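The values are calculated or read from the model by the stated rules, or taken from the named source; none is laboratory data. The shown structure was predicted, so the numbers you read here are calculated from the model rather than taken from an experiment. Here the Cβ is made from the backbone with ideal geometry for all residues, glycine too, and neighbour counts use every protein chain on show.
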Amino acid sequence: MCLELWFASWFVGASFKFKFSYKFLLFFSVVTFIIVAVGIFIFPWLLRICGKAFDGKAKKKEVRPAFLWACLPLIILIPVFLLLLLVQTDNFTTPVMVSFLLTGFLATQLWAFILLLKTLSQVQGFSLWKAFQNLFLTFSLVVYCIAIPIGIIVLIVNAL
């Protein structure tokens, strides 16, 4: 607990104050909606394609529901964070609050990750270890496909 409080106080800093803004909430809601809408179709498709490298037997209609069931714990976080926004508009940066948010977020992420491994192994028809390898390969492919264009853009901008 002391380590979490130290990290939270270091992370937040003494001069940082969070100002609640509905424009901020609306902007990130729209951006999140776009990212999730694209991710719901692309990531399960990539999971199925990469799963074929590990002899996966999933059909097109099986991977997306498995992926969405694994996202359920993350959907549960939405009303919790909205409730915290309404209750704690001024004290979001206290070390106890940041520690609480980080712990809850990390626990929910772990729950979603384990659920994704279990559902993916079930629909692909292989072990948890192969499901982890499938997920790692797919995630690496997504990061690589995002990092290369960003790197090219940075190189072009720096060259100007």
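To keep it simple, each residue is scored yes or no on (1) over 30 Å from L135 (Cα atoms); (2) at pLDDT 75 or above; (3) surrounded by 11 or more Cβ atoms within 10 Å (Cβ to Cβ).
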{"residue": "A37", "(1), (2), (3)": "no, yes, no"}
{"residue": "I40", "(1), (2), (3)": "no, yes, yes"}
{"residue": "F43", "(1), (2), (3)": "no, yes, yes"}
{"residue": "K59", "(1), (2), (3)": "no, yes, no"}
{"residue": "E62", "(1), (2), (3)": "no, yes, yes"}
{"residue": "L72", "(1), (2), (3)": "no, yes, yes"}
{"residue": "T94", "(1), (2), (3)": "yes, no, yes"}
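Only one of V123, V142, V96 is in a helix (DSSP H, G or I), farther than 23 Å from V36 by Cα and of a type in the set (A, V, I, L, M). Can you tell me which?
Numbers: V123 fails: farther than 23 Å from V36 by Cα; V142 fails: farther than 23 Å from V36 by Cα.
Being in a helix (DSSP H, G or I), farther than 23 Å from V36 by Cα and of a type in the set (A, V, I, L, M) holds for just one of V123, V142, V96, which is V96.
Please determine whether any residue of segment 152-160 is more than 22 Å from the chain's Cα centre (by Cα), surrounded by fewer than 11 Cβ atoms within 10 Å (Cβ to Cβ), in a helix (DSSP H, G or I) and not hydrophobic (A, V, I, L, M, F, W, C). Even if it seems obvious, please write down each step before you answer.
Just the residues of segment 152-160 that are more than 22 Å from the chain's Cα centre (by Cα), to begin with: 152-160.
Keeping just the survivors that are surrounded by fewer than 11 Cβ atoms within 10 Å (Cβ to Cβ) gives 152-160.
From what is left, the residues that are in a helix (DSSP H, G or I) are 152-159.
Those still in the list that are not hydrophobic (A, V, I, L, M, F, W, C) too: 158.
So far as segment 152-160 goes, yes, one or more of its residues are more than 22 Å from the chain's Cα centre (by Cα), surrounded by fewer than 11 Cβ atoms within 10 Å (Cβ to Cβ), in a helix (DSSP H, G or I) and not hydrophobic (A, V, I, L, M, F, W, C).
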